Amino acid sequence: MALSLSLATQIGAMFVMIFVGFLLVRKSVLSLRDCNALSRIVLYVSGPCAIINAFQLTISENKVKGFLLAIFVAIGIHILFMAMTALLGRIFHFSPIEKASLIYSNCGNLIIPLVILIMNQKMVFYCSAYMIVQIVLIWTHCKSLISQKQDFDLKAILSNINMIAIGVGLLLFILQIRLPVLITSAFTSMTNLMGPLCMFVAGMLLAGIDLKKAHNKRAYLVVFLRLIVLPFMVALIFIISGLYKVLPNARSILMISLLAASAPAASTVTQFAQIYDHQPFEASVINVLSLLLCIITMPLLNMFYMSLT
């Protein structure tokens with residue numbers, strides 16, 4: 001219960017930051033063009049710093065097993081989401097943008113700062129496992145789904161800044177190379193920028209959307225499935241299978257996986273929609289609505305999981 005309340009408090013604090021970002025644009029202190037610069041700081045500085053710092057751990061059998069468990073669970077979650085999207089698609093006839101929004105979540109920009117705040121920075125180590133799986137699938141399945149082209153972008157996968165950071169972090173972890181305190185301290189400070197900047201950008205983007213046009217029944221359906229139905233199935237599987245008992249820290253690792261699975265729709269879906277000119281407004285609406293409503297759904301799902309494990 002305490003962890004769920006902490007999660008709700010931290011998500012609430014993030015929404016205060018979103019409101020600040022909203023005001024910055026509405027009061028003309030910043031413009032929508034400034035979102036690009038702030039997003040780049042998060043993407044190329046704060047995120048990689050958080051990931052590399054998280055791998056500065058003493059290697060142990062439990063940590064390796066925990067990381068492998070997180071990889072296995074991430075693969076399972078994506079398979080489940082793809083299967084359920086295909087099944088539900090027979091009823092609701094989802095568009096490619098709706099399918100991608102259901103399958104892929106914002107497991108980096110939102111979850112990393114949340115995990116740091118409610119657990120600690122070292123637990124980002126397990127976030128990276130989910131990110132590895134999703135990055136590969138986003139640049140293969142998600143890209144081909146939206147572009148309607150069957151291609152495999154290996155270069156985009158290997159050159160992804162988060163994948164590079166994970167690779168560097170893993171190498172340091174395996175070789176047990178410790179970065180100097182000067183570097184880790186700087187990385188920690190830059191990591192601390194991640195949460196506020198992400199929320200400022202979300203608020204600024206929200207200010208640029210005509211909320212009257214955002215009332216779309218299809219968008220609410222997709223958001224309902226993305227934030228409640230699909231992650232609730234994940235929580236049930238975790239509970240019924242007893243997977244949370246397989247390792248001493250499996251309960252916490254699975255909670256991180258559940259947070260990633262219950263996060264808002266991935267911002268990458270919106271970016272692909274804009275690049276390929278495939279329903280960019282619809283993608284933006286789903287992204288913003290899921291971000292706004294996750295303040296309610298994520299703590300409730302977490303409370304459900306924690307109370308039964």
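The values are calculated or read from the model by the stated rules, or taken from the named source; none is laboratory data. These numbers come from a predicted model, not from an experiment. Quick reminder, even Gly has a Cβ in these numbers, built from the backbone with ideal geometry, and neighbours come from all protein chains shown. Just so you know, the surface numbers come from the protein's heavy atoms only, side chains and all, with ligands and any DNA or RNA stripped out. Shrake-Rupley method; radii C 1.70, N 1.55, O 1.52, S 1.80 Å.
Mind ranking 31-41, 225-235 by how tightly packed they are, going by the mean number of other C-beta atoms within 10 angstrom, highest first?
225-235, 31-41
Where in the chain are the DSSP H helices whose alpha-carbon span along the long axis reaches 18 Å or more and whose Kyte-Doolittle mean is at least 1.0?
Those that clear 18 Å and a mean of 1.0 are 2-26, 61-92, 124-137, 161-175, 194-207, 280-307.
Rounded to the nearest whole Å², what accessible area per residue is found for the chain with the 1.4 Å probe?
45
Percent of accessible area on the range 24-181 owned by carbon and sulfur, 1.4 Å probe?
Here it works out to 67 percent.
What order, most packed first, do the peptides 78-88, 139-149 have when packing is the mean number of other Cβ atoms within 10 Å of each residue?
139-149, 78-88
Top mean-square fluctuation among V181, V133, V115, Gaussian network model of the chain, C-alpha springs under 10 Å?
V181
Go through K143/K217; K99/K217; K149/K217 and tell me which ones have a Cα-Cα distance over 18 Å in this structure.
K143/K217; K149/K217
In debye, nearest 20, what is the charge dipole magnitude of the chain about its Cα centre with +1 on Lys and Arg Cβ and -1 on Asp and Glu Cβ, if you could check?
180
Considering only protein heavy atoms, what is the solvent-accessible area of T9 at a probe of 1.4 Å, reported in Å² to the nearest 10?
90
Grab the alpha carbons of the range 30-121, take their convex hull, and tell me the volume per residue in Å³.
Each residue corresponds to 141 Å³ of Cα convex hull volume.
Please give the contour-minus-distance gain from L80 to L172: 0.36 nm per residue of separation, less the Cα-Cα distance, rounded to one decimal in nm.
Fully extending the segment from L80 to L172 adds 29.9 nm.
Pick from L175, L258, L158: which residue has the top mean-square fluctuation in a GNM of the chain where Cα pairs under 10 Å get a spring?
Between L175, L258, L158, it is L175 that shows the largest mean-square fluctuation.
First check a/c for the chain, with a ≥ b ≥ c the square roots of the eigenvalues of its C-alpha gyration tensor; if it is under 1.5, answer rounded, and if not, answer prolate when a/b is larger than b/c or oblate otherwise.
rounded
How do V269, V136 stack up against each other in accessible area, from largest to smallest, with a 1.4 angstrom probe?
If we order V269, V136 from most to least accessible, we get V136, V269.
List the aspartates and glutamates whose Cα sits under 13 Å from the Cα of K155, skipping any in the same chain fewer than 8 residues away.
Here the aspartates and glutamates satisfying the reach criterion relative to K155 do not exist.
Give me the distance between the Cα centres of the range 95-152 and the range 273-295, rounded to whole Å.
One Cα centre to the other: 15 Å.
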